[in-house]
Amino acid sequence: MSTQLPHADVAVVGGGVIGLAAAWRARQRGLEVVVLDRADFGAGASRAAAGMLAPVAEADAQERALLVHNLESARRWPAFAAELADVTGLDVGYRACGSLLLARDRDEAEHVERERALRERMGLAVERLLGSEARRREPALAPSLRLALALPDDHAVEPARLVAALLEACSRAGVHLYPHSVVEDIATLDAERIVIAAGAWSGSLGAVPVRPVKGQALRLRDPSGPGLCDHVLRFEGGYLVPRGDGRYYLGATMEERGFDTAVTALGVYELLRDAAEVLPGILELEIDEAFAGLRPGTPDNAPIVGTDPVDERIVWATGHFRNGILLCPITAELVADELTGGRPDHAFRPERFAATTEATPA
Ligand SMILES: Cc1cc2nc3c(=O)[nH]c(=O)nc-3n(C[C@H](O)[C@H](O)[C@H](O)COP(=O)(O)OP(=O)(O)OC[C@H]3O[C@@H](n4cnc5c(N)ncnc54)[C@H](O)[C@@H]3O)c2cc1C
């Protein structure tokens with residue numbers, strides 16, 4: 001890193017949504033903060049994300065602490081979006097559109113029923129719909145659909161807009177922003193505390209078990225404008241997120257391929273094939289972009305947030321896997337608490353991995 005940085009209370013390594021939101025909150029608490037990113041801010045997983053705020057997934061059912069954490073962050077989202085808009089004048093594209101979880105066959109219908117039972121147990125709003133009822137809400141859905149679950153509280157934001165708003169909020173608050181500044185060794189940083197929010201690359205800066213999980217996705221556009229569908233659609237093999245203006249996000253594969261971000265014919269084919277089975281009209285859309293991003297995965301699929309058990313100077317804010325957009329509001333608060341002398345009690349502290357980790361090369 002060649003740039004001469006000012007001395008700071010806090011240096012944040014990584015300017016994705018997690019690093020930027022944490023920097024903003026820390027600055028609001030009176031700390032001098034710098035954020036460094038080796039690329040453009042948001043160029044990691046953050047801009048690649050769909051932006052679904054989907055706190056419950058069947059796979060998480062065993063992880064009650066994570067479920068509760070996800071739900072708490074989802075609850076904070078409307079106020080977080082409103083505060084960002086208030087401070088910056090920028091809209092993060094928060095759409096209270098609700099989601100539909102779709103089943104094409106018996107196996108998928110059983111999965112949908114399990115998710116319904118889980119949500120009902122947790123007291124969450126949910127509505128079981130036959131295929132014909134789902135089509136009344138979304139007329140472009142395939143007639144062959146068997147079952148659907150309406151999830152009226154699962155919404156979405158637009159990650160690229162979120163990055164822009166967080167950058168503006170940081171800049172207005174007086175956070176010092178350094179894009180294109182690689183941190184190779186955190187010992188070189190002149191700061192009292194260091195927040196490592198380097199996403200899938202975090203393991204190259206210290207001992208955390210974070211690995212990249214590749215996701216390929218497409219940005220699609222309807223030249224005739226909005227109207228193909230209004231809800232987020234979730235189905236086996238992917239999801240479709242409408243932006244409300246004729247743009248759609250179709251994602252995403254889940255692949256263990258290290259730091260590879262190649263877009264493959266198979267990845268794109270499978271996404272379009274599965275989506276077309278639930279929403280045939282998708283094949284009429286134009287492709288704006290096909291791309292891949294790297295989710296920061298952890299062994300238990302939960303984030304790693306808190307002071308390093310060995311080096312008190314380091315605060316980890318990483319490993320948000322499939323939910324970093326959702327968890328942005330709550331993580332930013334936890335990191336700011338940590339930096340201002342608190343040690344919030346939660347299930348996602350780094351010490352849960354302390355006995356098992358070694359630094360992994362990027
Ligand atoms: C295809 C896809 C779809 C997704 N969909 C959703 C979704 O719908 N909802 C949801 O909640 N989440 C979703 N996610 C997950 C979400 O994107 C991530 O959890 C979140 O973006 C992680 O944010 P981050 O700031 O920790 O990491 P990143 O955004 O990856 O930011 C890390 C930053 O650190 C920088 N960096 C790395 N190493 C260094 C270094 N040595 N020096 C300086 N800078 C460094 C990188 O350049 C990068 O900008 C999705 C992810 C993918 C890939």
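None of the figures in this text is laboratory data; all of them are computed from the coordinates on show. What you see is a predicted model; the values in this text were computed from it and never measured. So basically every Cβ, Gly included, is an ideal-geometry build from the backbone, and we count neighbours across all protein chains shown.
Details
- Compared with the dominant principal axis of the Cα atoms in the chain, helix 64-88 is inclined by about 80°.
- Were the residues from Arg257 through Asp190 laid out at 0.36 nm apart, the gain over their Cα-Cα distance would be 20.6 nm.
- Once the Cα atoms are used to define both axes, helix 106-121 deviates from the longest principal axis of the chain by about 60 degrees.
- Each 20 Å bin from 0 upward holds the following percent of the Cα-Cα pairs of the chain: 30, 57, 13, 0.
- The modelled label-to-label distance between Val182 and Arg313, using points 7 Å beyond Cα along the C-beta direction, is 2.1 nm.
- Structure-based [θ]222 nm, the chain - -39500 (n - 2.57) summed over DSSP H runs of at least 4, per residue, nearest 500: -9000 deg cm²/dmol
- As a rough footprinting exposure proxy, the listed residues Ile186, Ile18 were ranked by other beta carbons within 10 Å of their own, and the order from fewest upward is Ile186, Ile18.
- Contour excess over end-to-end distance, with Cα ends at Ser132 and Asp245 and 0.36 nm allotted per residue: 38.1 nm
- By the beta-carbon count within 10 Å of each Cβ, the least crowded to most crowded order of Phe41, Phe291, Phe321, fewest first, is Phe291, Phe321, Phe41.
- Degrees between helix 265-278 axis and first principal axis of the chain (Cα, 0 to 90, nearest 10): 50 degrees
- Residue-span extension gain [Val87 to His111] - 0.36 nm each, minus C-alpha spacing: 4.5 nm
- Rounded to 0.05, the FRET efficiency of the His7 and Glu72 pair, given R0 = 35 Å and the Cβ-Cβ distance, is 0.50.
- Cα-centred dipole magnitude for region 175-291, charges only on beta-carbon of K, R (+1) and D, E (-1), debye, nearest 20: 120 debye
- When the charge dipole of the chain is built from unit charges on Cβ atoms (+1 for Lys and Arg, -1 for Asp and Glu) and taken about the Cα centre, the candidate among Leu141, Ser181, Ala302 whose Cα reaches farthest toward its positive end is Leu141.
- For Gly206, the residues whose amide H sits under 5 Å from its own are Thr360, ignoring neighbours fewer than 5 places away on the same chain, with H placed 1.01 Å from N.
- Computed 3J(HN,Hα) for region 240-254, one whole-Hz value per residue from the Karplus formula 6.51 cos²θ - 1.76 cosθ + 1.60 where θ = phi - 60°, is 10, 10, x, 8, x, 10, x, 9, 9, 10, 10, x, 9, 6, 10, glycine and proline marked x.
- For the chain, the relative contact order works out to 25 percent when only alpha carbon pairs closer than 8 Å and six or more residues apart are counted.
- Here's the picture: charge each Lys and Arg Cβ at +1 and each Asp and Glu Cβ at -1 in the chain, and of Phe348, Met254, Leu84 the one pushed furthest to the positive end of that dipole is Leu84.
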